[in-house]
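**Student:** Structure provided below as structure tokens; questions to follow.
The values are calculated or read from the model by the stated rules, or taken from the named source; none is laboratory data. This structure is a prediction, so every number in the text was calculated from the model and none was measured. All Cβ positions, even for glycine, are placed from backbone atoms using ideal geometry, and neighbour counts span all protein chains on display. Just the protein is used for accessible areas: all its heavy atoms, side chains included, with ligands, DNA and RNA removed. Shrake-Rupley method; radii C 1.70, N 1.55, O 1.52, S 1.80 Å.
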Amino acid sequence: MDGTASGHFIGAPARRKEDFRLLTGAGRYSDDLTLPGQLRGIVLRSPHAHATITRIDTTHAAAMPGVVRIYTGAQLRDAGIGPIQPDHNFLGPIEIQRSLPDPLLLNRDGSPMPASPYLPLAADRVRHVGDGVAFIVAETAHQARDAAERIIVDYAPLPAVTDTRAAADPAAPLIWPHMAGNVMLDADIGDQHATEAAFATAAHIVRLDTWIARVTGVPMEPRACVSVPEPNGRLTLHAGSGGVVRQKKELALILGMDEAAIRVTCRDIGGNFGTKNSLFPEFALAMWAARDLARPVKCTADRTEAFLSDYQGRDLVADVELALDADGHFLAMRGSHLSNVGAYASSVIPLRKGTGIANGLYRIQAAHLHARAVLSNTPPTIPYRSAGRPEAMFIIERLCDIAARRTGLSPIEIRARNLIQPDQLPYTGPTGVTYDNGDYPHSMARALELSDYRNFPARRAAAAARGMLRGIGLANYVELTMGNPREWCAITILPGGAAEIAIGTLASGQGHETSFAQCVSEWLGIPWERITLVQGDTDLIPVGGGSHSGRSMRFASVVMGHACDGVKRRGGAIAARLLRVGEDAVSFADGQFRANGQALGWEQIARAAAELNDLPEELRAPLRAEHEEFFKHGGYPYGTAVCEIEIDPDTGKLDLLGWTAVDDVGRAVNPMILHGQTHGAATQGIGQAFWEHMTLDHATGQVLAASFMDYAMPRADALPGFTTELMEIPSPTNPLGVRAGGEGGTTPALAAAINAVCDALAAYGVEHIDMPATPEKLWRLIRAGTKS
């Protein structure tokens with residue numbers, strides 16, 4: 001029975017293979033690994049947002065029971081331990097970056113981005129609350145924590161700045177003394193002359209000044225790792241991450257080791273959303289200690305540690321204007337994007353992606369944006385689910401609603417007049433990014449139909465009769481997905497005819513064990529249940545970019561397809577010898593090689609490869625083919641979300657009543673998984689819009705949301721049933737036609753949710769509200785407004 005016959009082919013809503021293992025407790029997460037003789041490592045963290053370390057005294061702590069070793073930042077620095085590398089150090093030469101679809105942001109004055117080295121432990125100065133200052137290794141975690149409390153650290157507090165706008169002020173306290181200011185990237189994108197010319201002719205100019213607040217990923221399992229010194233002198237790290245190959249390369253650079261001396265593995269990850277894509281300091285600390293002490297070292301962060309020191313997301317200040325003609329057609333966009341990258345500049349990718357697609361799905365003749373990244377006394381920010389795209393869509397879609405009010409057009413009509421039409425694609429926008437294909441008006445029309453938008457006025461009137469404020473919001477979106485451009489795959493036919501996929505992507509809940517097997521089952525005709533996935537081990541995976549930026553299925557489908565073709569070519573050559581015909585006479589279909597009325601299956605081919613002595617070397621077992629590719633084309637998923645809410649004007653309590661999403665993912669390999677991805681991704685965006693906020697005391701830099709008591713998370717009882725639909729217009733950038741489907745639910749969610757809130761409060765004169773739209777904030781706006 002081949003994969004098609006078993007119902008597990010491309011396009012089938014096959015149930016996820018991995019779910020039985022995960023739901024029955026057979027998952028293996030980072031903290032599940034416990035080794036004989038292992039030590040436990042704990043990080044002592046700074047209580048100050050900014051301070052000079054004048055003295056660290058570990059004498060009493062080192063003498064406590066069970067303590068094996070205490071490391072300080074100065075000791076590690078002096079031993080040659082290097083910093084964690086920022087994303088832009090891995091992007092390659094400028095010439096390569098220019099060949100990729102993401103826009104390139106370069107400093108106006110031509111200078112390189114200044115260094116803000118992120119050492120595993122701070123050596124002389126701490127730069128955010130939670131910055132690590134010492135690493136305590138003991139026989140047990142409790143002993144390590146007790147010892148941490150006995151370490152004496154003398155700090156000389158320095159002025160701190162955490163607010164994004166304030167950090168960019170030339171008079172702000174300097175995060176890094178070698179810099180003239182805190183702005184570490186000061187770039188332009190677009191055509192300033194054409195933009196100003198278009199604004200000069202505008203009949204209407206609307207403006208949005210907003211802060212898209214900081215949030216954090218909150219994966220179910222906080223970061224954890226176990227480092228093991230091997231008898232052969234190698235070091236192994238077991239840790240959940242976004243990609244083991246990158247982690248291996250980074251650890252080699254930090255520790256000054258040869259890559260061949262390091263192995264990195266991971267099994268189940270326990271949630272990522274971008275938070276675990278960059279290397280955590282504890283990974284390098286555990287590796288160093290394991291080598292130094294010749295014993296395994298395990299680190300597991302608690303939840304408060306995660307809130308204090310995880311890589312975080314968003315935190316963008318935007319001041320943007322949109323110019324329109326008298327008929328409501330968009331002419332130009334101008335303004336500023338200011339990204340708060342934290343104390344250590346780990347990534348500017350969100351800023352790049354957000355400015356690149358700033359026009360959304362709309363025809364805008366010209367644009368000019370001042371793109372800046374600023375350092376502050378906060379944890380670093382990196383790409384968080386959809387990386388810069390939700391921020392960009394929030395800005396343009398809020399501007400659409402504001403412009404609709406100013407021009408007297410409906411929110412639907414102003415969008416319809418400006419949407420890029422199918423016959424205008426491919427379309428190069430004002431920042432130089434070229435969208436490939438699609439039907440943007442159809443996406444919006446379907447979302448309006450599925451949400452029963454036409455009958456909303458009746459629902460609003462019924463709510464008003466109950467004393468409630470009802471609102472509806474719409475947001476269109478587009479994404480620019482790319483990520484690490486290199487990917488690799490090997491397909492092996494095992495004895496007995498089963499297949500194994502080894503690949504450099506890394507699943508963190510996307511269902512790769514299922515969807516990848518569906519592809520290979522269709523292409524090789526091997527039953528779906530006989531196909532296994534190998535991932536997450538650098539001894540088996542030499543190349544691979546992990547999973548981020550919607551890259552997994554787009555790139556995997558290509559490298560898996562080529563590797564399958566290679567296996568079929570080898571299988572055909574073996575079949576030709578067994579059937580005594582020329583290779584051209586052998587055909588392949590449904591898992592069978594056929595010639596002269598005879599057929600051979602994969603089991604027979606694999607057996608022959610293993611047993612026949614007269615085969616050429618290249619045809620002997622293992623029956624395997626590999627493919628590696630460097631990709632240069634981005635993916636452009638797009639779609640529409642509609643949100644319907646109700647607000648109690650007496651309390652500000654908000655109820656989310658309906659959520660509709662239409663997403664063009666290109667070819668849908670497994671629609672069931674994609675619908676689930678939409679539900680989860682939308683929930684993350686809704687969470688930011690209504691509840692989540694990484695709150696800091698701007699005067700002291702203290703984290704005010706360091707537990708679930710203070711950091712509000714979306715809950716099932718606060719969410720409605722989701723109405724979702726997939727469009728499947730194949731992308732022209734890869735043979736399978738995949739766009740991406742893991743982040744589209746998040747990308748329009750912020751805008752759709754806040755558009756709904758502003759619609760509900762329009763009668764009170766509310767034109768905009770920054771996130772999160774909490775009941776207190778809504779109540780105050782209602783009290784301050786004058787109902788019309």
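**Student:** What is the Å³ per residue value for the convex hull set by the Cα atoms of the chain? Provide the component values of the computation, followed by the final result.
**Tutor:** Details: hull volume 137.1 nm³, N = 788.
Per residue, the Cα convex hull of the chain comes to 174 Å³.
**Student:** About the Cα centre of the chain, what is the dipole size in debye to 20, counting +1 per Lys and Arg Cβ and -1 per Asp and Glu Cβ, all else neutral?
**Tutor:** Numbers: 72 positive and 87 negative charges, 94 e Å.
Computed about the Cα centre, the dipole is about 440 debye.
**Student:** Using the crude model of +1 on Lys and Arg Cβ and -1 on Asp and Glu Cβ, and no other charge, please compute the dipole size for the stretch 710-788 relative to its Cα centre, in debye to 20.
**Tutor:** 260 debye
**Student:** The stretch 650-742: which trypsin sites (Lys or Arg not before Pro) are DSSP loop and have at most 12 other beta-carbon atoms within 10 angstrom?
**Tutor:** Arg715
**Student:** Let me ask you something else. Given Cβ point charges of +1 (Lys, Arg) and -1 (Asp, Glu) and nothing else, what value in debye, to the nearest 20, does the dipole of the stretch 531-637 about its Cα centre take?
**Tutor:** That gives a dipole near 280 debye.
**Student:** Also: Given the whole protein assembly as supplied and a 1.4 Å probe, what does the accessible area of Trp211 come to in Å², nearest 10?
**Tutor:** Approximately 70 Å² of Trp211 is accessible to the 1.4 Å probe.
**Student:** What does the highest-first list of 97-109, 224-236, 756-768 look like by mean Cβ count within 10 Å?
**Tutor:** Top of the packing list down: 756-768, 224-236, 97-109.
**Student:** Let me ask you something else. Order 775-783, 505-513 from most to least packed using the mean count of other Cβ atoms within 10 Å.
**Tutor:** Highest-to-lowest ranking by the protection proxy: 505-513, 775-783.
**Student:** Which cross-chain or sequence-distant (5 or more) residues have an amide H under 5 Å from the amide H of Gly550, H modelled 1.01 Å from N in plane?
**Tutor:** The list, which skips near neighbours in sequence, is empty: none.
**Student:** Further question on the same structure: Which of the listed residues, Met553, Trp523, Ala507, is farthest toward the dipole's positive end in the stretch 462-574, when Lys, Arg count +1 and Asp, Glu count -1 at the beta-carbon?
**Tutor:** Of the options given, the answer is Met553.
**Student:** Sticking with this structure for a sec: For the chain: lysine pairs with Cα atoms under 28 Å, gap of 8 or more or different chains, count?
**Tutor:** Going through the chain pair by pair, I get 18.
**Student:** Tell me, how many Å apart are the Cα centres for the stretch 434-489 and for the stretch 199-247?
**Tutor:** Here the two parts' Cα centres lie 27 Å apart.
**Student:** Can you pull out the GluC sites (Glu not before Pro) in the stretch 76-166 that DSSP calls coil and that have at most 11 other Cβ atoms within 10 Å?
**Tutor:** Of the GluC sites (Glu not before Pro), the ones in loops of the stretch 76-166 whose Cβ has at most 11 other Cβ atoms within 10 Å are Glu149.
**Student:** Taking the mean number of other Cβ atoms within 10 Å as a proxy for protection, how do you rank 731-737, 241-247, 328-334, 254-260 from highest to lowest?
**Tutor:** 241-247, 328-334, 731-737, 254-260
**Student:** Take the alpha-carbon centre of the stretch 662-734, take the same for the stretch 586-624, and report the distance between them in whole Å.
**Tutor:** The two parts, judged by their Cα centres, are 47 Å apart.
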